[in-house]
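Since the structure comes first, as structure tokens, the remarks are kept for the end.
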Amino acid sequence: MTDPKYRRILLKLSGEALLGEAPYGVDPGVLKRLAAEIHELVERGVQVALVIGGGNIFRGEGLAATGMDRVTADQMGMLATLLNALALQDALEQEAVFTRVMSAIKVNQVCESYIRRRAIRHLEKGRVVIFAAGIGNPFFTTDSAASLRAIEINADIMFKATKVDGVYSADPVKEPGAQRYQRLTYDEVLQRKLDVMDATAIVLCRDQNMPIMVFDITRPGGLRDVVEGRAIGTFVERG
């Protein structure tokens, strides 16, 4: 088994990644598999932090499109990410992994509030840290929250978990001939308007030189492979 290439990582999961075959909410089988793969990394000395979206429950932008006040919709989306974080925390603790959920909004009876130094200390003690509620403000996506938290905790890399094996020139489901990129620069992502993360998240990573790896989280062992440095996705970095 290859030694891990990265010591501290931030894993960005979409809420949809927790759906599995379910139409709504979370699939216990998916949670269990993810928890087992994260447990393996922790056992090997990797410090793991996560940001999870809330699209499997509520998506603020989608709710706003129906006429709901955008701030209210985004607040509902933040609470959805907290539900997902608690679900994953439970799955990890069933794997005997010490886990802390840290929220950007105050819900002290449910979890800790986010404090950067405390988060880093949790990681140093071998605990998995799940960052919930985005950055605590409306109009910012969980992609932006993931970029910000990765930078704040001095992660070695941010992994963007998707349902496809990297970044393509077009939707590979709709266009079978779409090109898969192995490496891209931040500016190429922005100029070509590629579907990696939102522009704010990409600019944050570019300005602070935070590398991004986009990979397929549905592939068993995929998380282990990218942490070991295998090129099974798309790597985004400076040119």
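So the values come out like this:
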item	result
Residues (hydrophobic (A, V, I, L, M, F, W, C) and farther than 30 Å from ARG118 by Cα) located in the range 146-202	VAL164, VAL167, ALA170, VAL173, ALA178, LEU184, VAL189, LEU190, LEU194
Yes/no for GLY136 being under 18 Å from THR200 (Cα atoms), of a type outside the set (A, V, I, L, M) and out of contact with any strand residue (DSSP E or B) (no Cβ under 6 Å at 6 or more places or on another chain)	yes
VAL46 vs. criteria closer than 24 Å to GLU152 by Cα and either touching a Phe, Trp or Tyr at 6+ places or on another chain (Cβ under 9 Å) or among the acidic types (Asp, Glu) (or both)	yes
From the options LEU223, LEU204, residue that is under 29 Å from GLN47 (Cα atoms), touching a Ser or Thr at 6+ places or on another chain (Cβ under 9 Å) and not basic (Lys, Arg)	LEU204
Considering residues of the range 97-109 that are in contact (Cβ under 8 Å) with a residue 12 or more places away in the chain and more than 14 Å from LEU41 (Cβ to Cβ) only, the residue farthest from the chain's Cα centre (by Cα)	VAL107
Candidates ASP90, ASP69, ASP3, filtered to the one that is charged (D, E, K, R) and more than 25 Å from PHE215 (Cα to Cα)	ASP69
Listing of strands (runs of 3 or more DSSP E) fully contained in the range 128-239 that carry 2 or more residues being farther than 15 Å from ILE52 by Cα and of a type in the set (Ser, Thr, Tyr)	none
Output for the range 128-175, where each listed residue is over 19 Å from ARG219 (Cβ atoms), buried (at least 24 other Cβ atoms within 10 Å of the Cβ) and aromatic (Phe, Trp, Tyr)	PHE131
Residues of the range 96-127 that turn out to be at negative phi, surrounded by fewer than 18 Cβ atoms within 10 Å (Cβ to Cβ) and not in a helix (DSSP H, G or I), as a count	11
Condition met for MET68 (surrounded by 18 or more Cβ atoms within 10 Å (Cβ to Cβ) and not in a strand (DSSP E or B))	no
Among the candidates GLY15, GLY20, residue that is at pLDDT below 95 and under 22 Å from MET197 (Cβ atoms)	GLY15
The one condition in (1) touching a helix residue (DSSP H, G or I) at 6+ places or on another chain (Cβ under 8 Å); (2) surrounded by 15 or more Cβ atoms within 10 Å (Cβ to Cβ); (3) under 28 Å from GLU21 (Cβ atoms); (4) of a type outside the set (Val, Ile, Thr) that GLY221 fails to fulfil	(2)
Test for LEU11: is it in a helix (DSSP H, G or I), touching a helix residue (DSSP H, G or I) at 6+ places or on another chain (Cβ under 9 Å) and crowded, with 22+ Cβ neighbours inside 10 Å	no
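The values are calculated or read from the model by the stated rules, or taken from the named source; none is laboratory data. Here the structure is a predicted model, which means the values were calculated and not measured. Because the Cβ atoms are built from the backbone with ideal geometry, glycine has one as well, and the counts that use them run over all protein chains shown.
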